[in-house]
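Just so it is clear, none of the values below were taken in a lab; they were calculated from the coordinates. Treat the numbers as computed from the prediction; the structure is a model and nothing was measured. Reconstructed Cβ throughout: ideal geometry from the backbone, glycine too, with neighbour counts over all protein chains shown.
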Amino acid sequence: MLSLEEYISKRKREDKINEYDIDARMDNMRICVNYVFEYFNQYLNIEEMEQKTFLNEERLVKFRNQLEMYDNEIQE
C-alpha cells in the first residue's frame, strides 16, 4: 500500500501533470485535490489499515515490556 505522497506522485506521473506549468496551476490544483479524495475514498483499505495499527500496537507493547527494567525516561 502506498503512502499518500507516493500515491499522488504515482498519479501525477500517470496523468503527466507538470506542476511547474503556471498556466495550468488551477487545473493541477483541482486534479491533485481529487487525488487526495481518491486516496482516502477508494485506494485506502480501512480494514487493512486497522490491521496494521493493531500489529503496530502489539509490537509497541512487546518493546515496552523489553524495556521495563530501564527508567521511564529511557523507555520513552
Kyte-Doolittle at least -0.5, axis length at least 24 Å by Cα - qualifying DSSP helices, the chain: none
Coordinate range along principal axes, alpha carbons of the chain, Å, largest first: 61, 27, 16
Equivalent ellipsoid semi-axes, region 1-42, via Cα gyration tensor eigenvalues times 5, rooted, Å: 19, 11, 7
FRET efficiency, 1/(1 + (r/R0)^6) with R0 22 Å, evaluated for Leu4 and Arg25 via beta carbons: 0.55
Where labels lie 7 Å past Cα in the beta-carbon direction, separation of Gln42 and Leu60 in nm: 3.2 nm
